[in-house]
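The values are calculated or read from the model by the stated rules, or taken from the named source; none is laboratory data. What you see is a predicted model, and the numbers here were worked out from it, not measured in a lab. When we count neighbours, we look across all protein chains shown, and the Cβ atoms used for this are built from the backbone with ideal geometry, even at glycine.
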Amino acid sequence: MKKRMLCALLAAVLCALSGCKKQRSLREFTTFAMDTAINFTFYCEDGNRTGQAYTVMAYGLSDLDSLLSVTREDSDIARANRAGGQPVEAADWTALALSQALELCEVTDGALDITAYPAVKAWGFTQEEHRVPSPAELEALAAKIDYSAVKLEGNTITLPEGVEIDLGAVAKGFAGDWLAQQVRNIYPGKDSALLDLGQSTIVAVGSKPGGKPWRIGVVDPARPENYFAVVELEDMAMGTSGGYQRYFEEDGVTYWHILDPDTAAPARSGLASVTVVAPSALTCDGLSTALFVMGLEEGTAFWRDHPELEFEAIFMTEDGEIYRTAGLADNFSLAEGYEDREVTVLE
Ligand code: AMP
Ligand code: MG
């Protein structure tokens with residue numbers, strides 16, 4: 001009898017160690033890529049598979065980062081930027097990310113423009129050595145911002161002299177979609193995960209155990225330590241762009257990292273942040289940046305005109321007014337402490 005109990009105990013321990021428990025267990029991992037701490041939370045049926053998936057995902061992210069990072073000298077993007085008008089052969093992954101980014105530049109009519117990079121550098125956001133360029137310098141920089149000058153033929157990238165690209169506004173979204181696909185491949189329909197790539201991209205795969213959605217806070221740009229709203233996500237991504245995320249101050253003026261391609265200066269559309277909720281993380285990342293540039297009125301018109309992009313949005317103005325699109329009726333609520341704030345629903 002004692003022997004049998006011992007065997008059962010041993011089996012239970014081995015089972016727990018090998019992750020063969022039937023009920024789903026929680027596992028959390030953190031890795032660092034794209035200048036961000038990236039957190040994965042898995043609810044999995046098989047702990048071993050999750051460990052393997054994490055390894056594949058972390059290595060994949062690192063590869064993607066070394067292809068797309070504008071500041072890594074040997075990345076495909078940096079090589080294209082240095083090529084002085086000559087064609088550069090890129091990896092399949094780079095070509096795919098670039099073609100998806102260019103599609104978003106086009107659909108947003110250049111509110112998102114990956115050729116804003118020389119202007120981003122001029123403001124010192126790349127190296128965190130901030131400065132305010134002169135009006136003449138900004139005029140010259142703005143004249144060079146034009147995504148339609150980027151040539152992508154197969155895997156060959158050609159940039160005219162003086163044009164440089166940066167996928168910073170969309171890379172985390174692109175990575176988020178790839179990561180979500182990896183989770184779905186591990187154990188289709190059974191595992192669920194929350195992939196947190198920093199504020200610009202959060203992806204929910206499935207729901208939490210018990211079928212409950214993930215609840216994600218939306219940062220109050222006026223008090224970034226607080227959340228003003230909560231969004232419930234299930235098989236859905238979310239991304240936020242805001243002036244509070246990266247900025248500097250000079251002579252009492254705040255200058256942030258999201259630039260208006262028309263002026264090469266920080267976009268002052270009256271918005272403090274934009275959150276986009278959509279099935280695609282790339283859409284969330286790219287459109288949150290673009291809608292921030294467009295502003296409330298133009299952004300709302302864009303939402304009405306583009307149902308095919310399947311996105312919803314939350315706008316917070318610099319005056320603290322909150323707007324949300326109608327499609328968020330079931331998964332948006334005000335956070336604790338903000339319950340008495342008015343929310344205008346955009347139809
Ligand atoms: P995000 O944080 O996703 O909104 O992206 C902002 C980053 O993209 C900035 O730090 C810049 O590197 C770059 N960027 C700034 N303005 C634009 C723009 N209008 N279109 C594309 N990229 C931009
Ligand atoms: Mg973005």
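crowded, with 20+ Cβ neighbours inside 10 Å and aliphatic (A, V, I, L, M): does that describe residue 296?
It is true that residue 296 is crowded, with 20+ Cβ neighbours inside 10 Å and aliphatic (A, V, I, L, M).
With 168, 124, 176 as the choices, which residue is on the phi > 0 side of the Ramachandran plot and either exposed (fewer than 15 other Cβ atoms within 10 Å of the Cβ) or not basic (Lys, Arg) (or both)?
124
How about the stretch 262-293: which of its residues are aliphatic (A, V, I, L, M), more than 10 Å from ligand 2 (Cβ to nearest atom) and out of contact with any helix residue (DSSP H, G or I) (no Cβ under 6 Å at 6 or more places or on another chain)?
Matches in the stretch 262-293: 272, 277, 293.
Can you give me the number of residues within the stretch 99-121 that are aliphatic (A, V, I, L, M) and either free of Cβ contacts under 8 Å to residues at least 60 places away in the same chain or surrounded by fewer than 18 Cβ atoms within 10 Å (Cβ to Cβ) (or both)?
Selection size over the stretch 99-121: 2.
With away from ligand 2 (no atom under 16 Å from the Cβ) and within 25 Å of residue 276 (Cα to Cα) as the only criterion, which of 222, 143, 169 stands out?
Unique residue meeting the criteria: 222.
Farther than 25 Å from residue 212 by Cα, of a type outside the set (A, V, I, L, M) and in a strand (DSSP E or B) - does that describe any residue in the stretch 306-314?
no
Which condition number does residue 289 fail, the rest of (1) under 16 Å from residue 101 (Cα atoms); (2) hydroxyl-bearing (Ser, Thr, Tyr); (3) in contact with a Pro (Cβ under 6 Å, 6 or more places away or on another chain) being met?
(3)
Okay, residues lined up against (1) within 16 Å of ligand 1 (Cβ to nearest atom); (2) modelled with pLDDT of 95 or more; (3) part of a helix (DSSP H, G or I); (4) closer than 30 Å to residue 301 by Cα:
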| residue | (1), (2), (3), (4) |
| --- | --- |
| 52 | no, no, yes, no |
| 96 | no, yes, yes, yes |
| 115 | yes, yes, yes, yes |
| 130 | yes, yes, no, no |
| 138 | yes, yes, yes, yes |
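Considering only the stretch 280-299, state which residues are free of Cβ contacts under 8 Å to residues at least 12 places away in the same chain and outside any helix (DSSP H, G or I).
Within the stretch 280-299, none qualify.
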